[in-house]
1. Sorted by packing (mean other beta-carbon atoms within 10 Å per residue), highest first, where do 127-138, 272-283, 96-107 land?
2. Compute the accessible area per residue over segment 203-305, keeping the other protein chains in place, probe 1.4 Å, unit Å².
3. Which semi-axes, in whole Å and largest first, does the equivalent ellipsoid of segment 187-274 have when worked out from the alpha carbon gyration tensor as the square roots of 5 times its eigenvalues?
4. Classify segment 54-98: rounded, prolate or oblate, from the alpha-carbon gyration tensor (a ≥ b ≥ c, eigenvalue square roots; a/c under 1.5 rounded; otherwise prolate if a/b is larger than b/c)?
5. Got a number for carbon plus sulfur as a percent of segment 147-304's accessible area, 1.4 Å probe?
Amino acid sequence: MSPRSAPGTPRPAGRASSPRAAGIVWVSEAEAVTRAVAAPWERQTPGPMTHQSIRPDSAASARVSSALLGGKDHWAVDRDAVRRLCDAAPHWAQHAAAARRAVLGMAAAAATQGVDQFVDLGCGLTTGAVGTALAPLHTAVLPVCRAVSVVYVDRDPMVLAHARALLRATVPATVRQVDGDLSAPASLLAALRDDAGSRWRRPVAVVLSDVLHELTDDQAAGLLHALREALPTGSVLLLTHRTPGEGEDHEALAGAHAESALAWHPRGARQVAALAGGWQPLSWGRTRRIPGFVTLAVGTGRWAA
């Protein structure tokens with residue numbers, strides 16, 4: 001791992017030290033352990049877990065999103081990053097919450113169409129209560145399909161710790177977690193295929209909620225292409241993607257991401273559509289326009305318009 005610069009040192013936008021790839025296993029600030037988990041992530045994981053590196057001086061995208069959307073799993077450095085982002089774009093949190101609710105709505109719509117397998121890629125710290133923007137994906141699809149199967153995928157050890165806590169919670173669904181790297185689609189797909197609960201001959205709904213902007217163009221294109229080639233016919237892709245929003249100070253936003261060492265690859269609607277080339281629009285996947293975001297629901301056939 002390359003050495004990190006001192007806290008507050010400006011870094012180029014799009015050069016995050018560890019997008020969705022490293023983090024803190026146990027929620028602590030400095031030396032004091034503070035752990036607050038919102039329902040429905042009801043049970044705590046046992047004791048502080050062994051970890052190789054703790055960086056309380058560096059923001060992590062999953063914790064920043066938690067702070068942005070009113071969650072409890074974040075540190076002062078993550079809240080500082082949120083302040084920078086909201087200074088650059090005052091409606092940043094409001095639009096992020098709307099986009100998260102939109103993707104949960106699209107997931108519920110997929111379940112109404114008979115899709116009963118979901119994979120939440122880069123799931124983050126979705127530890128909120130039912131009905132909030134931070135509600136876990138399974139809370140949106142369970143009311144529609146009681147036998148749904150959900151796999152939460154991330155590389156952040158803190159996210160995975162919370163996911164393990166979720167597995168102890170009583171939910172009438174098959175809920176699992178997989179350690180997977182979005183920038184390495186071959187190994188990611190291999191890990192998903194190895195998951196004992198997945199049935200790869202049935203349609204799968206893949207969710208990418210406000211995470212694809214962390215990948216470079218080549219990485220994002222490679223991931224979407226690999227998913228399209230690997231998923232069964234009738235599978236769907238549900239995503240929200242950051243854009244250079246109208247009226248936003250793009251230079252200030254890039255600077256805010258750089259100062260916090262957060263990856264930032266915003267793309268317009270045409271660029272996102274190009275990345276999703278080969279996928280087909282879904283007749284039931286339309287959603288309202290959200291400033292600063294592209295929302296997309298596409299499939300591999302069967303449900304396509």
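The values are calculated or read from the model by the stated rules, or taken from the named source; none is laboratory data. All of these numbers come straight from a predicted model, not from anything done at the bench. As a convention, Cβ positions derive from the backbone with ideal geometry for all residues, glycine included, and neighbour counts pool all protein chains shown. Ligands, DNA and RNA are excluded from the accessible area calculation, which covers all protein heavy atoms including side chains. Shrake-Rupley method; radii C 1.70, N 1.55, O 1.52, S 1.80 Å.
1. In descending order of packing, they fall as 96-107, 127-138, 272-283.
2. Roughly 40 Å² per residue, with all protein chains present.
3. Details: eigenvalues 184, 40, 21 Å².
Over the Cα atoms of segment 187-274, the ellipsoid semi-axes are 30, 14, 10 Å.
4. Working: a/c = 2.72, a/b = 1.58, b/c = 1.72.
Note, shape of segment 54-98 comes out oblate.
5. Values: 3100 of 6440 Å².
Whole-percent figure for carbon plus sulfur exposure: 48.
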